[in-house]
Each structure stands twice: as structure tokens, then as C-alpha cells.
Amino acid sequence: MNYSKVMLEEYLLNLGEKKFKQTQIFEWIYQKHEYNFANFSNVGKNLIRALEKDFKIEFIKIEKVLEGPLVKKFLFRLLDGEKVEAVLMEHDYGLSICVSSQVGCNMGCAFCESGRLKKVRNLETYEMVEQIILIEEYIKTRISHVVVMGIGEPFDNYDNVINFIRIINDSKGLAIGARHITISTCGIVPKIQEFMDLNLQVNLAISLHAPTNELRNKIMPVNKVYNLDILLDVLKQYIAKTNRRLTIEYVMLNMVNDKEEDAYNLCRLLKGMNAYVNLIPYNETAHIEFKRSSKERIDKFFNILKKNNINVTIRKEFGGNIKAACGQLRSESD
Ligand code: SAH
């Protein structure tokens, strides 16, 4: 079902039903895992008939599971035959899932595997929710954290992604705490603005990857539309308005964006901002020529940031051996 609480309440009111029925419907679907409306025993016959007419509960399918240490990659087949991937990671703080938001991606970041297939379509809300439901059923355990960092640009599928967040965050839905949910965007400024106005307690991560327009233009085409000045401006507004710490993702590409000068430029850009930088060692792929920075270069970059009072961590690596790491997920098989 694609409907969030508010949408379902509106649907019920339009039918002349009481809006609290929304709670019962959500409980049946997301907590009791009952997908046949006829079995909703506390719901009246008329409403059941209406639900049967207006909604269909259908499931995407797990087509393949690859397992590595502390990580599993799931390939899903959607009802129209398209495919997307999601990744389950075991952290010391709990289980997290990295979900996909589109089939393919149009952002064209030069280093990313997911965008080699151009966007075929947006994922529907239920297709994102079901990535979580199906993985929870598969491992028979609850998931505590969700990151929207799989295939696709979530803010290029804004409405469906926001509905998805509302459903998984709903106490009668999957009840995943807002602070345990992170959306990552390459920097679609008007949507960051809309997102900030929603005032959700969800974390925001920005794929920055370069500290100057000259360099960012070369590796992230989105920068030609929303350049660093415009982006930084809205990010500062976001921090001021939400009082939340922002995550800055910075993938370490050998000899491209990992020079000392880049580190100093990044410090200047982020100075005084309530942000922390997550350095991502680049995951090389067969089709793309970028190389991972050496450990020495990453450490040097890290130390420059640290010395300049920028909060910084190096991302823990998961799943490289099963092509489940950042930037390696895809919507098509070889
Ligand atoms: N489109 C969104 C969501 C993708 S998140 C975004 O751009 O934020 C996936 C993260 O992994 C992004 O920061 C992306 O830039 C980064 N990434 C892409 N390819 C990578 C690779 N090969 N190695 C490491 N990180 C990569």
C-alpha cells in the first residue's frame, strides 16, 4: 500500500468512515502481517469491500541473496520485472538496511556504478517499504536503522520517499525511529528546502565529494545546476532551522579529490558548520576508471580535517567482496 497515515485518514473520511480506522488497518498490515483485507476482523464489511476495490497488496520478490561477513545483499524483482538491490549490515549498534529509491539513476556521478543504467522509473512507496518487510521476514529479526543510500536519488523521487519515511516511522507502521533514518542526496537544493520545512527528525546526508565548483562540476553533473554556493547556503539554513547535525559524505578518489589542498578547501567550506564528514574509501568497479586513495592519503586528509576542528570519521567498510558496498549497487545484471 502506498498510503501514509494522513493519506489513509483522508481516504476514510471521504468514504464517511471514522479516521481512527487508519490505525487498525496499519496494525493489520504492518504489525500482524495480514495482507488479506477480508481477514481484518475489527473492520466493517463495507470498508473491507472498499479497500478491496481501491487497494491491492502485492509483493515484490527476493530473487537472490548474497552473504558476506556482517553483510547480506538482496536482489529484488519488482512486479514489472525491473530489479533493485538493498543491503543489510550488522553494526555494533544494531541492524541497518540500505534501500534503493529508483530503478537506475539520472544524476550521472562519474564514479558511481548505480548511474550506469539511466533512470528507468521511480520506485513506488510500497516497493521501498517492502524491501524492509521482506528482509525482516527473511532474517526473522527487526531492523533498527534505515539509510536511503541505495540505487537512485531519493530527492528525484521526493513524494514517494517522504511517504515511505512516514510509513516506516509510524508507530503503527514499521515503527523505526526518525533519528534512525538517514536520507542521502547529491544536492537537489529545492527538495532540501522542502524537506527542511517538513521538520522531520530524520537525518540528512549530503554527497559532497569535492570542495570547489571546478572539481565538483567534473565528477557530479548536478553541481552545474545547484553549485556549491547555492548548496552550502541551503545547508546552513537547514542546520539553523532544524538544529540537526548534517552528514557530509566525501568519497576518496585517488589523485582526484584527495590532495592536501582539497582537504584545506573542505575545511574552509565547512568551517563553523554543525556537520561531520564521513570519508568513504572509494570502492573500485570494473567499468569505471577511478581508483581508491591509498590508506596514507586518506589518513593525511583525515588528519588535516581533524587539526582544523572538523568532525570527521572514515566509513567502516562492508560488502566489497559481494559488490554490496557504497556505489556498487545496480539495477541490472551483467
Ligand atoms: N543519490 C544519493 C544516494 C546514494 S548514496 C546520493 O548521491 O547521496 C550512495 C553514496 O555512495 C553516495 O554518497 C555516493 O556518491 C557514494 N558512492 C558512489 N559510488 C561509490 C563508490 N564506488 N565507492 C564509494 N562510494 C560511492
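Among the residues of segment 303-334, which ones are within 22 Å of A263 (Cα to Cα) and away from the ligand (no atom under 16 Å from the Cβ)? N303, I304, L305, K306, K307, N308, N309, I310, N311, listed by residue number.
I230: in contact with a helix residue (DSSP H, G or I) (Cβ under 7 Å, 6 or more places away or on another chain) and under 15 Å from I165 (Cβ atoms), yes or no?
On the way: in contact with a helix residue (DSSP H, G or I) (Cβ under 7 Å, 6 or more places away or on another chain): yes; under 15 Å from I165 (Cβ atoms): no.
So I230 fails the test.
Within the bounds of segment 130-142, is there any residue that is surrounded by fewer than 24 Cβ atoms within 10 Å (Cβ to Cβ), touching a residue at least 60 places away in the same chain (Cβ under 8 Å), under 27 Å from M252 (Cβ atoms) and over 11 Å from the mean Cα position of the chain (by Cα)? No: zero hits. Is it true that N14 is surrounded by fewer than 13 Cβ atoms within 10 Å (Cβ to Cβ) and in contact with a helix residue (DSSP H, G or I) (Cβ under 8 Å, 6 or more places away or on another chain)? No.
Being closer than 19 Å to L246 by Cβ, under 14 Å from the mean Cα position of the chain (by Cα) and crowded, with 22+ Cβ neighbours inside 10 Å is a description that does not apply to G152. Could you grab me the full set of residues in segment 187-233 that are of a type in the set (S, T, N, Q), touching a strand residue (DSSP E or B) at 6+ places or on another chain (Cβ under 9 Å) and within 15 Å of the ligand (Cβ to nearest atom)? Matches in segment 187-233: N203, S207.
When E124, E153, E85, E113 are checked against the criterion of being within 22 Å of V65 (Cβ to Cβ), in the same structural domain as N283 (by TED's automatic domain parsing) and out of contact with any strand residue (DSSP E or B) (no Cβ under 6 Å at 6 or more places or on another chain), E113 stands alone in meeting it. Across segment 147-165, the qualifying residues are those that are under 14 Å from I176 (Cβ atoms) and out of contact with any helix residue (DSSP H, G or I) (no Cβ under 6 Å at 6 or more places or on another chain), and the one among them that is farthest from the ligand (Cβ to nearest atom) is I165. Only one entry in M273, M252 is within 12 Å of the ligand (Cβ to nearest atom) and either among the acidic types (D, E) or touching a helix residue (DSSP H, G or I) at 6+ places or on another chain (Cβ under 7 Å) (or both), namely M252.
In segment 103-155, how many residues are aromatic (F, W, Y) and more than 30 Å from K291 (Cβ to Cβ)?
At the first step, the residues of segment 103-155 found to be aromatic (F, W, Y) are 111, 126, 138, 155.
Applying the additional criterion that residues be more than 30 Å from K291 (Cβ to Cβ) yields 126, 138.
Number satisfying all stated conditions: 2.
Put simply, of L204, L228, L253, L215 the only residue that is in contact (Cβ under 8 Å) with a residue 60 or more places away in the chain, closer than 22 Å to I310 by Cβ and surrounded by 15 or more Cβ atoms within 10 Å (Cβ to Cβ) is L253. Total residues in segment 61-110 satisfying the condition of being over 23 Å from I165 (Cα atoms) and out of contact with any Gly (no Cβ under 7 Å at 6 or more places or on another chain): the figure is 11.
The values are calculated or read from the model by the stated rules, or taken from the named source; none is laboratory data. For clarity, every value in this text was computed on a predicted model and none was experimentally measured. Cβ atoms come from the backbone with ideal geometry, glycine included; neighbour counts cover every protein chain shown.
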